[in-house]
1. If the Cβ limit is 7 Å and pairs must be 6+ apart or interchain, which residue in the stretch 1-17 that is assigned by TED's automatic domain parsing to the domain that holds residue 28 and closer than 17 Å to residue 61 by Cα pairs with which residue that is at pLDDT 95 or above and exposed (fewer than 13 other Cβ atoms within 10 Å of the Cβ)?
2. Collect the residues in the stretch 224-256 that are within 14 Å of residue 297 (Cα to Cα) and out of contact with any strand residue (DSSP E or B) (no Cβ under 6 Å at 6 or more places or on another chain), keeping them in residue-number order.
3. Given (1) closer than 21 Å to residue 194 by Cβ; (2) surrounded by fewer than 16 Cβ atoms within 10 Å (Cβ to Cβ); (3) out of contact with any strand residue (DSSP E or B) (no Cβ under 7 Å at 6 or more places or on another chain), identify the lone condition not met by residue 290.
4. Considering only the stretch 138-190, how many residues are part of a helix (DSSP H, G or I), surrounded by fewer than 18 Cβ atoms within 10 Å (Cβ to Cβ) and touching a strand residue (DSSP E or B) at 6+ places or on another chain (Cβ under 6 Å)?
5. Give me the pairs: first residue in the stretch 220-248 and over 20 Å from residue 93 (Cα atoms) and assigned by TED's automatic domain parsing to the domain that holds residue 273, second residue modelled with pLDDT under 90 and assigned to a helix (DSSP H, G or I), beta-carbon distance under 7 Å, and six or more apart or on different chains, which are they?
6. Any chance the stretch 56-68 includes a residue that's under 30 Å from residue 444 (Cα atoms) and in contact with a helix residue (DSSP H, G or I) (Cβ under 6 Å, 6 or more places away or on another chain)?
7. Of the residues that sit in the stretch 264-283 and are in a strand (DSSP E or B) and touching a residue at least 24 places away in the same chain (Cβ under 8 Å), which one is farthest from residue 183 (Cα to Cα)?
8. In the stretch 337-370, what count of residues is obtained for those that are under 17 Å from residue 439 (Cβ atoms) and either part of a strand (DSSP E or B) or touching a helix residue (DSSP H, G or I) at 6+ places or on another chain (Cβ under 7 Å) (or both)?
């Protein structure tokens, strides 16, 4: 459970935060002044700080500076009134994760909190690189095969430099872990590490997310906002799925790499920034260049050093230690005894093609642990999980697509609803979550793991869709299970 420290002299606001965040599954501490907050910080370090700029005694900026000296990688969200926006921007340039204007919308604050916690985890959770991971390794790059030994050597050689790195590999091969390992072993490891997924952010928002904007740059731009590139000044930016980055934005990334400078949207000021770029893709960039979808000059700027991650099918000798690692890790996360595996299971795992690579192997083991009720995992458990994936998703993909197309066509032809896209996405989200809760007997922790969501995110979606199950809590104010 993540711990959040709220620093604000408004008693009612602290109480509101406590109620909201505990309902979201967080542990919450609070302080009415910077001095008392620093005492709490020295006793126990939280995972995130939410800090108001206007405080009695030492002010918010002074408090932030003291927090930053105690733990530079601790994410801090600044709360500020409209009139002190520029002060908040300066704090962000000094290392604060982000800032939000008062009064704020609760969904906006929850979104920033989730992003900050994720960024803090990326910066502070070590990624180990061992042939055989230790028992307490939470996240590790695992493998003793020759292809993985080459990866370890490449990480070691490139980490100490500031060279741009392009990480290539199929989905599920661990590109993000490699990027984090490079950052953690680099000379910039005490500075920010921010992740931008070029697919997850809509094209019309990606540019402002990266480069920020000036007041009046577009409708709704009521104040200046700095982007992730500026926020990461002195640190590292990881551009995931860069092969899907819109062509127009690629030119601005090229300028960043060539000139170490950017411009905010709607601005004329050239801003010098010092960031290291690590990029990753599962796309064939050479084909994208030939098709005119990716800039050739950007490609060569990115691939100063290239690290290619092998698919799991090319390193099957690593499957036994990967299996052991995931068995121990997921047993601990599910709070169950590690049941072990029966004879013959490793042979089944080794001969499977694993189109989804390590991610698919991890999901297979996790699902088998969820449904095998504590008995040793046998061949049947693995076959059932793999068959469910292959027959339910691959073999009948065409039938599934036809059903979805028919459903989408009916809705589009009806033209009776506004915001059709959001409505449809909400409906699909509701069905997926309902099914995950049904399959896990209403256990939110296991349902979140099954869906690949954080528990607070799942809880927020359950509340949004007003989902209720007998095995779950029945009132919104009830404590989380």
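1. Pairs that qualify, where the first residue is assigned by TED's automatic domain parsing to the domain that holds residue 28 and closer than 17 Å to residue 61 by Cα and the partner is at pLDDT 95 or above and exposed (fewer than 13 other Cβ atoms within 10 Å of the Cβ): there are none.
2. Residues satisfying the conditions are 247, 248, 249, 250, 251, 252, 253, 254, 255.
3. Among (1) closer than 21 Å to residue 194 by Cβ; (2) surrounded by fewer than 16 Cβ atoms within 10 Å (Cβ to Cβ); (3) out of contact with any strand residue (DSSP E or B) (no Cβ under 7 Å at 6 or more places or on another chain), the lone unmet condition for residue 290 is (1).
4. 1
5. 246/203
6. no
7. 265
8. Total meeting the criteria: 7.
The values are calculated or read from the model by the stated rules, or taken from the named source; none is laboratory data. All of these numbers come straight from a predicted model, not from anything done at the bench. In this analysis, Cβ positions are derived from the backbone assuming ideal geometry, glycine residues included, and neighbour counts consider all displayed protein chains.
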